[in-house]
1. Name the single residue, out of those in the stretch 29-47 being among the small types (Gly, Ala, Ser) and open to solvent by less than 40 Å² (accessible area, probe 1.4 Å), that is modelled with the lowest pLDDT.
2. Checking THR17 against (1) open to solvent by 70 Å² or more (accessible area, probe 1.4 Å); (2) at pLDDT below 90, which test does it fail?
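The values are calculated or read from the model by the stated rules, or taken from the named source; none is laboratory data. These numbers come from a predicted model, not from an experiment. These accessible areas exclude ligands, DNA and RNA; they are computed on the full protein's heavy atoms, side chains included. Shrake-Rupley method; radii C 1.70, N 1.55, O 1.52, S 1.80 Å.
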Amino acid sequence: MRLEFLVLALSISIVPTAAIFDAKASGAGPWVMVVPPWRSADLVAAQAGARLIGPTEAPLGHMVAATDPGAARRLTEAGAWAVVDATAVAQFCGAY
């Protein structure tokens, strides 16, 4: 019984997570940047030439924007685990 529940829980959570992380960042933002808890989101954004936006932030996710579309790649190089198009996240959450 526990194994079936675990398989069901993983299948329900993996597919949406994979769909979100497949929505690569495009344009100049806004993006959702996922940063590990031991890294400073401000520092990662500054190193990539981006800026944090928004009034609130999640424990690992931060809204960022930049004028240069290449900043998404630089965010990853600066230490972000993922940079995802914010519109895709909003659609997934039902905000759009």
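1. Among residues in the stretch 29-47 that are among the small types (Gly, Ala, Ser) and open to solvent by less than 40 Å² (accessible area, probe 1.4 Å), the one modelled with the lowest pLDDT is GLY29.
2. Every condition holds for THR17 apart from (1).
Rundown of residues vs (1) hydrophobic (A, V, I, L, M, F, W, C); (2) open to solvent by 40 Å² or more (accessible area, probe 1.4 Å); (3) modelled with pLDDT under 65, yes/no style:
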residue: LEU10; (1), (2), (3): yes, yes, yes
residue: ASP22; (1), (2), (3): no, yes, yes
residue: GLY49; (1), (2), (3): no, yes, no
residue: MET63; (1), (2), (3): yes, yes, no
